[in-house]
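As structure tokens, the structure follows; a few thoughts come after it.
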Amino acid sequence: MAEKDDYLLDLLVDLGFTDAGTVAKAREEASAAGVGVVDLLVANKIIRPGDVTQAKAAQFGAEVVNLASLKVEDDVIAIVPRDIAKKYRVIPVYKSEGKVAVAIADPSDLNTIDSLTHLLNAEIELRVASEPDIEAALAKYYGGEKKAMDAGIFKDVIQELTESNVEITADDGVEVEADAPLIRLVNQIIVDAFKLRASDIHLEPLEKRFRLRYRIDGMMQEMKSPPKRLQAPVIARLKIQAGMVISEHRVPQDGRIQTKIGNKLIDLRVSCLPTNHGESIVMRILDKEGLRLGLPELGFLSDDQATFERIIGLPDGILLVTGPTGSGKTTTLYSCLNFINRPDRKIITVEDPVEYVLSGINQVQVHDAVGFTFATALRAILRQAPNIVMIGEIRDIETGSIAINASLTGHLVFSTLHTNDAPGAVTRLVDIGVKPFLVASSTRCLMAQRLVRKICKKCMAPYQPTEQEMRSLGLTMDDVKNANIQKGRGCQNCNNSGNRGRFGIFEIFVVEDEARKLIYDRVPTTVLRQRAREMGMRTLREDGIRKVLAGLTTCDEVIRATVGDET
């Protein structure tokens, strides 16, 4: 038994996390099993990993930090190079004149602290975090080992471009476009993003570097970036692939790239935006074959799914899905169409853009440049005698009025709105000019949604929420006593994040007679929301809490996704 472990055990007893009798018994068991006493106490759930972290911090008079809830700025992360952070398992937290605060799992590791002092040429201030938090932060800010793109590719590109005497400037995209190593580099960026299940690729020109980030399960993660000198040819190559004008650097451009990865056909929706230090490229990955269109995959619990299936089976009316950009509204609408798509029904969609091609459904692409707007397309498709219409988004009075009138004349209409909650959709429609009596008589259901990350199934483990988490979610000890609350420890399957994949939390407001009268009377949104809750509507946070107690997602995820939501 190491002397520092003895002292740590004494601290755990002094802090009230365990008692001397339990420690004495654990010593005997640990000695027989050949394991550490602290490890045995944690494995037997006598103490929690967080208790050990607090004891270590108390031992050295350091502060405990929660890296999961801490946002570390890029300039702070840049202080500690990736290889040093990975080698010594440290995360920089903040910097001041001549000082750097770093989070470390073992504050007794004096060799690491001494090495960091010399390597960073700064005074080190200690902060203590748990080992899983350190691992998750390393993956988040520096990229996991699997995520690091092969550095040899960059070396090959630089070497081969140099040997071919190609001048790399901001305007010679045409010349380098045909260069094989550059093409391999761009292809590798896309392939790596697809393999890591990224939804977006971000190539961002900064003052001194060319940053590459992927959005994975809704969270931005920085990858190993190409050298700054390859910024211009990489952007030029992507602009050519996307059908953009490569000589135009002053205005935003949009395009599309279609490529094959293995046997899968992938679409990338590309946006190019001029910035201070060059053009920023964002590519949205659209995997046509990988889209899951079943209602259970969306995240509905059984009672909500039954309610939702009843609503989308109605012959007419309008169903609105609300939420911010990136909250999964379009996927929900596609899932609705897939569920009710039968040979005896004609379904037409109006979208901008058409993101996924659905079999058996007529999909119409809006073209604002030639005057083919949502309203124009909607008028035209109603003459095609559809049973079901999906409108990508209600943006103005013209589209809103046509959609609602269509729902009143025997059509089932699906659409989206940008509002924060379900009852707010009523106010939004009235604000853009739709008459309250039309909203009241046509609306069948209003649904708000957000996306939260799923707990990784391969590393999930029982978890006891902290007092702060329970307070934030309004939970009591009785609520969690018999619950199945889980949290991912972090593993190779989830790139040490503890989460893999996402699903929805929902606020479903079914509009019935009492609600119609309130809408017709133009009551304030706060009153409508309160009455909706009294009539049985669960808020986003309440639905999230149900999924936390069922072991599907974590307290942190629900708190993050429902900030400002009242329970």
Ranking Cys491, Thr554, Pro465 by how far each Cα lies towards the positive end of the charge dipole of region 459-554 (+1 on Lys and Arg Cβ, -1 on Asp and Glu Cβ), the top one is Cys491
So the angle from the long Cα axis of helix 3-14 to the longest Cα principal axis of the chain, reported in degrees to the nearest 10, equals 60 degrees
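With the other protein chains left in place, how much accessible area per residue, in square angstrom, belongs to region 299-424 at a 1.4 angstrom probe?
40 Å²
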Using the Kirkwood formula on alpha carbons, the hydrodynamic radius of region 405-544 in angstrom works out to 17.7 Å
Taking a crude spin-label model, label points 7 Å out from Cα along the C-beta direction, the Ala32 to Lys87 distance in nm is 4.4 nm
Once Lys and Arg are counted +1 and Asp and Glu -1 for all other residues with Cβ under 9 Å from that of Val366, the total becomes -3
Simple SL model, points at 7 angstrom along Cα→Cβ for Asp287 and Val527; separation in nm is 4.9 nm
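Suppose the chain between Ala20 and Arg48 were pulled fully straight at 0.36 nm per residue; how much longer would it get relative to their current alpha carbon spacing?
Working: separation 28, 0.36 × 28 = 10.08 nm, distance 1.66 nm.
Additional length available on full extension: 8.4 nm.
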Scanning the chain, every Cys lacking a C-beta partner under 4.7 angstrom -> Cys272, Cys336, Cys445, Cys555
Cα gyration tensor of region 45-93 diagonalised, 5x eigenvalues square-rooted, in angstrom largest first, produces semi-axes 25, 12, 11
FRET efficiency for Asp114 and Lys458 from the Cβ-Cβ distance with R0 = 41 Å, rounded to 0.05, comes out at 0.65
For region 340-398, the Debye formula with one identical point scatterer on each Cα and no solvent gives log10 I(q)/I(0) at q = 0.13 Å⁻¹ as -0.32
The simple spin-label model distance between Arg342 and Ile397, using points 7 Å out along Cα→Cβ, in nm, is 4.0 nm
Relative contact order as a percentage, the chain, C-alpha pairs under 8 Å and 6+ apart, gives 9 percent
Across region 8-134, qualifying lysine pairs (alpha carbons under 27 Å, at least 8 places apart or different chains) come out at 16
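Find the relative contact order for region 323-420 and round it to a whole percent, using C-alpha pairs within less than 8 Å whose residues are 6+ positions apart. Don't skip to the answer; put the middle values down first.
Details: 132 pairs, mean separation 29.9, N = 98.
Reported relative contact order: 31 percent.
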At 10 °C in a medium of viscosity 1.306 mPa s, the chain has a Stokes-Einstein diffusion coefficient, with Rh taken as the Kirkwood radius over alpha carbon pairs, in µm² per second, of 59 µm²/s
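Of all the accessible heavy-atom surface of the chain, with the other protein chains kept in place and a 1.4 Å probe, what percent is carbon and sulfur?
Numbers: 13140 of 26720 Å².
Looking at the chain in its full context, I get 49 percent from C and S.
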Stretched fully, the stretch from Ile183 through Asp106 gains (0.36 nm per residue minus C-alpha distance, one decimal, in nm) 23.3 nm
The relative contact order of region 179-239, taking Cα pairs under 8 Å that sit 6 or more residues apart, comes to a percentage of 27 percent
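The values are calculated or read from the model by the stated rules, or taken from the named source; none is laboratory data. Note that this is a predicted model, so its numbers are computed, not measured. Backbone-built Cβ (ideal geometry, glycine too); neighbour counts: all protein chains shown. Ligands, DNA and RNA are excluded from the accessible area calculation, which covers all protein heavy atoms including side chains. Shrake-Rupley method; radii C 1.70, N 1.55, O 1.52, S 1.80 Å.
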